[in-house]
Amino acid sequence: MTIAGKLTSGVAGLIVFVLFTGLLQAQVDKATIIGTVTDQSGAVIVGASVTVTSVETGARYTGESNAAGIYRVSGLPIGTYSLEYEKNGFKKLTRSGLPLGTAQVAEINVNMVPGAVTEVVQVTTAPVMLETETTDIATAMTANSMKDLPLDINASGVGRDITNFIYSNIATTNGGNYDGHIAGSQNVTKNVMVDGVDSTAGLQGFIQDIGMEAVQEMNVQISGTSAEGASTGGGTIMFEMKSGTNQFHGSGYGFLQNEALNANAWDNNYLGIPRQRNRFDDWGVSLGGPIRKNHTFFFASYERFKNKQLTFAPDSSTVPTAAFLQGDFSALLGGPLVINGSPATDACGRQVNIGEIYNPLDSIVVGGNTCYQPFPGNKIPQGQLSPIALSIAQKLYGNVYAPTGLGLVNNFPAFSGGYSDVTSTHLDLKLDHNINGKQRISGGFNLWSFNSLAPGGLWQTGSSAGGPLSTGDDQPQRDWSVRLQHFYTVTPMLLNTASVAYNQHMASDHPPAQYDASQVGIPGTNGSNFPSINFSDNGGAGVNGYFETPLGPPYSDQYTPYNFVVSDTVSWVRGRHSLKFGGDFQARGMNAVYEGGVRAYDFTSETFAPNNNQLWPYVGFAFANFMLGQVHDGSESVTSALYGRRKRMSLFASDDFKVNARLTLNLGLRWDMNERFHEKDGHWSNFDINANRGIWGSYNGGWEWAQNGGDSFELNQNLHQFGPQIGASYQAMRNLVLRSHYGITYAPLAMNQWNGVPAFYPPGFTAGAFGFAGSNTVVNNLPGVPSFNWDAATGAYTGQTVYPQRVPDQSNISGGVAYVWPDALTMGMVQNWNVGGEYGLGKGTVLSLNYLGNHGSHLHDGSIWPYNYSTQSNYLNLYNSGQALDTVTDPASAAAAGVPYPFPGFSGLAYQAITPYPQISSQAPQTGLFLVNADISVSNYEAMVAEVKTNNVHGLTMDVNYTLSRSTGSASPNGAFADSQSGTVLTQDPYLLPKLTAQLTPWDYTHEVKGYVLYDLPFGIGKQWRTNREWLDNYLLGGWKIGTQLSYHTGEPLGTIPAPIQYPGWSGVFAQRNPNMSLSSGTFKGYNPVWVQNGGVGPDPGSLSFNTNAFSQPAPGAFSTEQYSYMGYLRDFGYADEDLNIAKHFRFGAGERYQFSLRGQFFDIFNRHHWGPPNLDMTSSFFGHVTSVSGYRYGQLSARFEF
């Protein structure tokens, strides 16, 4: 075992030992109350006992003022609390009604009055809105706020997605749950925690398993994260689940969307198309309460979303006619074929007729040419029809896929409208138990189940699954997580929390309707997938416009990432220091299985046709060869099972140092370390680009394979990833706090991949497990000859499984190549900083202004690696010689092209011969080289954020922010995925690209305003305007609440315009911009659908977005002066959106305990339309024009009951 491995195991063992011996604490998501106890003279009081009691559960938490008079009570779940302060010789002081949120540190300083302890001084505590003790920049949203804000139940296609509130409301965020950016960060690098525990299973920061109804509060930290929560490359998202209380409480609710609530789309109105069907529903229930009052509590919620859109487009798919199924193709037969004015003949001199099909049993030979003769009348004799094809025709085609139209094509309805059937459910459970006054345990469980059908090919009429011939995909997903936490107050000054958690995500692809192909005479398949049957007529273009729809689902796979987490934190108050020590251990894995036995057959129209490609568009028919059983080529999937593993750990220490009553320093240090990735069974391969085994002469490159389950290609361990944190919070005035922070965080190395090992995407791309993944294909490079007859072949298939040899001189790279970066264990490092302050305006309003920024280095993104290409100067010299596309097969042809002959056996083009790895560029030109966890990218972000928050000020609660920002760097939209196809970013100089750190990112928005506003209308009981008639004030006038979300931003930068003529085999050529010419078109009015549908013919209708004359092709053999792949001088259109929720609440029962509400929620309330980005293709007639539009008002209704 390596030193790092021993260290990991040792620290993990220590954490587990501490966890189960009961010394446990306060963690990053829990709230804290801190303060100083003094007497009337201002002298500190030592030994004052502090008792904090939860109003909802009766749980008691204790503290004590130390020698500095400072007390700290940590580990407080979100909720409302009362506080008691006692000390002999002083009156007892009680404060009530203190609400606490996620990770909040509330400073409550108290002044005790001399007297008997039996005397009580009572004070009501207002919510603490000024953060005087911390230096992070964060925004919290409570369940009460979120339930009265509009949230589209179908925005993510999975029901209510609470993460949509993040990107709709929180400053510096954009994107979404899957591709979100916080403060300019890379995708899949943010951290997500539930109840203070890491909740990522697969893609970092992507979470689906927690239902919105189960969340009490959501907190998003965008800068200044503490050492404890700094496991992130870009922000931390914390969810706190609801808990049971001493009083039973619950809810029942339902949502529905219907097109009757919607405006029509802008382009539909323009074209006279009516509103489209749009119907979904979502409902759920929740219940919480005591199992044993003051001791044991539960909370449970269930939610179900259903979207069933079985919309069919008539006569838009194709099935064979009854005659075709009997071998009668006379309907295809036309007269003599004439090409360029001359009668067409085959190689034997016979006149060819349009649409004829050919008899494999009838051929003649003339002059050495074999010519198959057409079937008389284009009818196949019954005795020649394939028994397998007839079985498919009778049992499937003729039974449930009969034509509904009269034509030979487009005679069958096709499913349309996205997913055909989606069901999404959430089940969330929470259990809390107060063991005694010092110990508490808490457990949580979240389950998300998702089932969807993606349509494809033929969809059986009346079927909810499409039938066996559909090429659709059944995509079930199951995400679940379970957590167990133990909280222990050892002494009033010493606390501890330990957590153990397991998170898992499962996703799979399966046939929507399982079918055993042996029922139609095809044995040996996996028993659930009908074979994938492809009909290739004239390469997919159709023969004389005729074709058949492909059959069969090609999917059968499953991948399951997981994460096991153990963590512990100790909190200790000593003097003016609030110290924390802790760490965590994580064991991540990815189990992936691709099922074997998924068969594929390809039938072509060229089989048996004349060997003349000028005739192929007019003769032969793939379905006729299907009825003959003549297979052109085929394949069968081979089972692959890969099990990736990675362990990681972290340690941290922090000190919140209360220097004096005004100044607090936040100090911290975190250490992160990852163990090397490995595949459990050693089934992992690497193409080492630095090794030279003599395979390709002097050029490097060679395969290597893991020797066992502990072997890894991540060579260089990095034990120096320390992240310091330093911040200062200074209360300059009673209502003014100034703060500043600097820190370093590291992006976690998660399972940001789609298989058990990176760079493995079977069947075509198998680099990550080359040599361990088998293939079973029947290859046929002869277009006119079948590979086999499936009726005559044993098992209806002739292929054999082959595994590439794992030998040092292996030269096969046809399945792609991938190189594991030696410094893969160097995590993306992000330096972040902020400086600013917040000002309390009255008791319920806070204004803040913060400057924040970050710089990311060693970011994982291999797409900008340049070595798929030669240098720009070398390529340009070759291109200008006119020989870049010369074929090079030997030294003589290389010399003629003016390039070196790379190695014996090289066969490729001249430009491929001058690349650093000519074997890759010539043998794997489509995929090039993949890099795994290459730490070569950089990012920069700066922002000024102004924000106003109010908490129920005259009925108004809001959080609205404005951000002025700039996001630059070399990081691509690919994000921090483990594997990246190198050289895929459009650029003129791939070697310059990694150095362009000032390049704008595609998620750069200069100006952005977003946030939410909630307003309780001042009517009804207890309000300014009322009639004092209870029934009227309650049921008609009162209880109205309006909630709105606002989102406005300027457009993101557009990609630099490619030149119309690109240089073959090069990374890109940009158009030349004339800087002296205005970019404004001066004529833009909007999108014109009719002009677009007519192919852009005719004069400009007002859709020209910019002056296209400002761009031109660079001089021949030269590049433009542009450098950046994203340009700031042309941006997409800005965005404006307002969403509205109107709610009417009815309260009834004793103490108005019961509440019923009706809601109308409307999105894009002003029915704004948003122009799509302009076309940037200079070869298109639409160049510079806007060719799309989106956005229209739509609505949903909701009813809710709570108690």
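The values are calculated or read from the model by the stated rules, or taken from the named source; none is laboratory data. The structure displayed is predicted, hence computed values, not measured ones. Cβ placement follows ideal geometry from the backbone for every residue including glycine, while neighbour counts extend to all protein chains displayed.
No other residue among Thr915, Thr927 is closer than 30 Å to Pro1002 by Cβ and modelled with pLDDT under 95 apart from Thr927.
Residues that are among the hydrophobic types (A, V, I, L, M, F, W, C) and closer than 28 Å to Phe765 by Cβ: does segment 941-958 have at least one? No, segment 941-958 contains no residue that is among the hydrophobic types (A, V, I, L, M, F, W, C) and closer than 28 Å to Phe765 by Cβ. Which of the residues belonging to segment 483-515 are within 30 Å of Gly467 (Cβ to Cβ), over 24 Å from the mean Cα position of the chain (by Cα) and among the hydroxyl-bearing types (Ser, Thr, Tyr)? Once the filter is applied, which keeps residues that are within 30 Å of Gly467 (Cβ to Cβ), over 24 Å from the mean Cα position of the chain (by Cα) and among the hydroxyl-bearing types (Ser, Thr, Tyr), segment 483-515 yields only Tyr515. On the basis of being of a type in the set (A, V, I, L, M, F, W, C), closer than 26 Å to Arg478 by Cβ and either surrounded by 18 or more Cβ atoms within 10 Å (Cβ to Cβ) or within 43 Å of the chain's Cα centre (by Cα) (or both), does Leu458 make the cut? No. The condition of being at pLDDT 95 or above and in contact with a helix residue (DSSP H, G or I) (Cβ under 8 Å, 6 or more places away or on another chain) holds for only one of Leu1197, Leu1176, Leu1158, Leu1140, that being Leu1197. Taking segment 743-799 as the range and being within 22 Å of Ala587 (Cα to Cα) and not aliphatic (A, V, I, L, M) as the test, the residues that pass are Thr745, Tyr746, Pro748, Asn752, Gln753, Trp754, Asn755, Gly756, Pro758, Phe760, Gly768. Tell me whether segment 512-524 contains one or more residues that are part of a strand (DSSP E or B), at pLDDT 95 or above and surrounded by 18 or more Cβ atoms within 10 Å (Cβ to Cβ). No: segment 512-524 contains no residue that is part of a strand (DSSP E or B), at pLDDT 95 or above and surrounded by 18 or more Cβ atoms within 10 Å (Cβ to Cβ).
Is it the case that segment 958-978 has a residue that's farther than 30 Å from Glu1008 by Cβ and crowded, with 19+ Cβ neighbours inside 10 Å? Yes, there is a match, as at least one residue in segment 958-978 is farther than 30 Å from Glu1008 by Cβ and crowded, with 19+ Cβ neighbours inside 10 Å.
With the structure loaded, tell me whether Tyr867 is at pLDDT 95 or above and not hydrophobic (A, V, I, L, M, F, W, C) or whether it fails that test. No, not satisfied.
Of the strands (runs of 3 or more DSSP E) lying entirely inside segment 1084-1172, those carrying at least 1 residues that are over 24 Å from Leu1054 (Cα atoms), touching a Lys or Arg at 6+ places or on another chain (Cβ under 9 Å) and not aliphatic (A, V, I, L, M) are 1135-1148, 1154-1163.
Yes/no per residue for (1) buried (at least 16 other Cβ atoms within 10 Å of the Cβ); (2) in a helix (DSSP H, G or I):
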{"position": "Lys395", "(1), (2)": "no, yes"}
{"position": "Ala402", "(1), (2)": "no, no"}
{"position": "Val409", "(1), (2)": "yes, no"}
{"position": "Ala414", "(1), (2)": "yes, no"}
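Ser814 meets the conditions (1) modelled with pLDDT of 95 or more; (2) among the hydroxyl-bearing types (Ser, Thr, Tyr); (3) surrounded by fewer than 19 Cβ atoms within 10 Å (Cβ to Cβ); (4) not in a strand (DSSP E or B) in every case but one. The failed one is (1). Picking from residues in segment 561-609 that are polar (S, T, N, Q) and assigned to a loop (DSSP other than H, G, I, E, B), the one that is surrounded by the fewest Cβ atoms within 10 Å (Cβ to Cβ) is Thr607. Being of a type in the set (Phe, Trp, Tyr) and within 30 Å of Leu390 (Cα to Cα), is that true of even one residue in segment 818-831? No, the conditions are met nowhere in segment 818-831.
Among the residues of segment 1073-1107, those identified as surrounded by fewer than 19 Cβ atoms within 10 Å (Cβ to Cβ) and polar (S, T, N, Q) are Asn1074, Asn1076, Ser1078, Ser1080, Thr1083, Gln1093, Asn1094, Asn1107.
Restricting the first member to segment 1118-1137 and to residues that are at positive phi, and the second to residues that are modelled with pLDDT of 95 or more and buried (at least 16 other Cβ atoms within 10 Å of the Cβ), no beta-carbon pair is closer than 6 Å while six or more apart or on different chains.
In segment 984-1002, which residues are assigned to a loop (DSSP other than H, G, I, E, B) and surrounded by 21 or more Cβ atoms within 10 Å (Cβ to Cβ)? Those that are assigned to a loop (DSSP other than H, G, I, E, B) and surrounded by 21 or more Cβ atoms within 10 Å (Cβ to Cβ): Val985, Thr987, Gln988, Pro990, Gln999, Thr1001.
Residues in segment 181-211 that are closer than 27 Å to Thr963 by Cα and either of a type outside the set (S, T, N, Q) or surrounded by fewer than 24 Cβ atoms within 10 Å (Cβ to Cβ) (or both): His181, Ile182, Ala183, Gly184, Val188, Lys190, Val192, Met193, Gly205, Phe206, Ile207.
Inspection of segment 302-310 identifies no residue that is within 51 Å of the chain's Cα centre (by Cα), in contact (Cβ under 8 Å) with a residue 40 or more places away in the chain, exposed (fewer than 14 other Cβ atoms within 10 Å of the Cβ) and within 24 Å of Tyr401 (Cα to Cα). Exactly one residue among Ser452, Ser499, Ser470, Ser481 is buried (at least 18 other Cβ atoms within 10 Å of the Cβ), modelled with pLDDT under 95 and part of a strand (DSSP E or B), and that residue is Ser452. The number of residues in segment 1-45 being closer than 17 Å to Leu494 by Cα, at pLDDT 90 or above and either more than 36 Å from the chain's Cα centre (by Cα) or part of a helix (DSSP H, G or I) (or both) comes to 3.
The set of residues from segment 744-765 being in contact (Cβ under 8 Å) with a residue 12 or more places away in the chain and surrounded by fewer than 24 Cβ atoms within 10 Å (Cβ to Cβ) comprises Ile744, Trp754, Pro762, Pro763, Gly764, Phe765. Within segment 44-58, being touching a residue at least 24 places away in the same chain (Cβ under 8 Å) and either in contact with a Gly (Cβ under 9 Å, 6 or more places away or on another chain) or assigned by TED's automatic domain parsing to the domain that holds Glu240 (or both) holds for Val44, Ile45, Ala48, Ser49, Val50, Thr51, Val52, Ser54, Val55, Glu56, Thr57. You will find that of Gly233, Gly244, the residue that is assigned to a loop (DSSP other than H, G, I, E, B), assigned by TED's automatic domain parsing to the domain that holds Ser567 and under 28 Å from the mean Cα position of the chain (by Cα) is Gly233 and no other. The set of residues from segment 78-109 being in contact with an Asp or Glu (Cβ under 8 Å, 6 or more places away or on another chain) and of a type in the set (Ser, Thr, Tyr) comprises Thr80, Thr94, Thr102.
Residues that are among the charged types (D, E, K, R) and surrounded by fewer than 23 Cβ atoms within 10 Å (Cβ to Cβ) were ranked within segment 417-449; the one that is farthest from Ala201 (Cα to Cα) is Lys438.
Of the residues making up segment 914-941, those that are buried (at least 24 other Cβ atoms within 10 Å of the Cβ), under 22 Å from the mean Cα position of the chain (by Cα) and part of a strand (DSSP E or B) number 6.
The strands (runs of 3 or more DSSP E) located wholly in segment 616-676 that include 3 or more residues which are within 30 Å of Val830 (Cβ to Cβ) occupy 640-658, 663-674.
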